[in-house]
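Written below as structure tokens is the structure these notes are about.
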Amino acid sequence: MKQAVIFDIDGTLLRSSHKDDLLYRQAVECVLGTVKFRSGLADYSHVSDSGILNQLLIDNGLESDPMTITAIKDQFLAATEKYVSDFGPFREIPGARSMLSRLRQSDRYAVAIATGGWRHTAQFKLASAGFELDGVPLKTSDDAIDRVEIMRLALESLGESPASITYYGDGPWDELACQKLGWSFRAVGATLRGIQSYEHEFVA
């Protein structure tokens, strides 16, 4: 049996968390006008693009309808594309691309991605940073509102019972989700005092 290794994206594979949050807020307000956000991501029950939007609409007494949600998704993607056009691609966490390449070439590991972001924006950001992930399962906030469910779907997409499961993430919600699922958690970035580089990950 292979070992399953599953990754978040923003703050985990890419240095994109802060800018992603700003672009998301701008996209929401471009469509909805001025709205009140909660003070931090951890204040939302579901830290995912769909989950935050759902609670934001309730908090502001606004209707949720498919046309509004689609308009916000489209605006978020357009804003992200413009950012890359103006300022260049998102940067990888050091060593992330080569580490993923090592994992994909190994017979010991099965790799998937589980992100709280929406699919098209996630794919664009990874492509902008030079990630080639054809054939790597990607589960997103388009698939489920709850991060635990997104992660579970990513594991199921690997199509086999793994010998072990490790999830790489940068937020406390990632760590909590792993606790709920019984997965091993590997912290990335300063917030959780995690690794700052993948250069020494999965090196034979």
Report yes if I72 is in the same structural domain as K180 (by TED's automatic domain parsing), buried (at least 18 other Cβ atoms within 10 Å of the Cβ) and modelled with pLDDT of 95 or more, otherwise no. no
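Assigned to a loop (DSSP other than H, G, I, E, B) and either of a type in the set (V, I, T) or in contact with a strand residue (DSSP E or B) (Cβ under 6 Å, 6 or more places away or on another chain) (or both): is that true of T34 in this structure?
Taking the combined requirement at face value, the residue satisfies it.
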Taking the options L133, L77, L57, L100, name whichever one is of a type outside the set (D, E, K, R) and modelled with pLDDT under 95. L133
Scanning segment 149-180 for residues that are in contact (Cβ under 8 Å) with a residue 12 or more places away in the chain, over 17 Å from the mean Cα position of the chain (by Cα) and over 14 Å from F7 (Cα atoms) gives E160, S161, P162, A163, S164, K180
Which helices (runs of 4 or more DSSP H) does segment 103-204 wholly contain that include 1 or more residues that are crowded, with 23+ Cβ neighbours inside 10 Å and among the polar types (S, T, N, Q)? 119-128
What's the number of the only condition in (1) buried (at least 19 other Cβ atoms within 10 Å of the Cβ); (2) touching a Phe, Trp or Tyr at 6+ places or on another chain (Cβ under 6 Å); (3) not hydroxyl-bearing (S, T, Y) that Q55 fails to meet? (1)
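Residues being among the basic types (K, R) and under 17 Å from L41 (Cβ atoms): count how many of those fall in segment 137-151.
The qualifying residues number 1.
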Flagged pairs (Cβ under 9 angstrom, 6 or more apart or on separate chains; first in segment 77-100, under 20 Å from L133 (Cα atoms); second aromatic (F, W, Y) and surrounded by fewer than 20 Cβ atoms within 10 Å (Cβ to Cβ)) are L77/F124; T80/F124; E81/F124; V84/F124; M99/F202
Given the conditions (1) in a loop (DSSP other than H, G, I, E, B); (2) modelled with pLDDT of 95 or more; (3) farther than 21 Å from M67 by Cα; (4) aliphatic (A, V, I, L, M), and given that M1 satisfies all but one, which numbered condition is not satisfied? (2)
Hey, T68 hits all of (1) part of a helix (DSSP H, G or I); (2) under 15 Å from S141 (Cα atoms); (3) not basic (K, R) but one; which does it fall short on? (2)
Looking at (1) in contact (Cβ under 8 Å) with a residue 40 or more places away in the chain; (2) under 13 Å from A114 (Cα atoms), which is the one condition that is false for Q196? (2)
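The values are calculated or read from the model by the stated rules, or taken from the named source; none is laboratory data. Bear in mind that the values here come from a model prediction, so they are computed numbers and not experimental data. Reconstructed Cβ throughout: ideal geometry from the backbone, glycine too, with neighbour counts over all protein chains shown.
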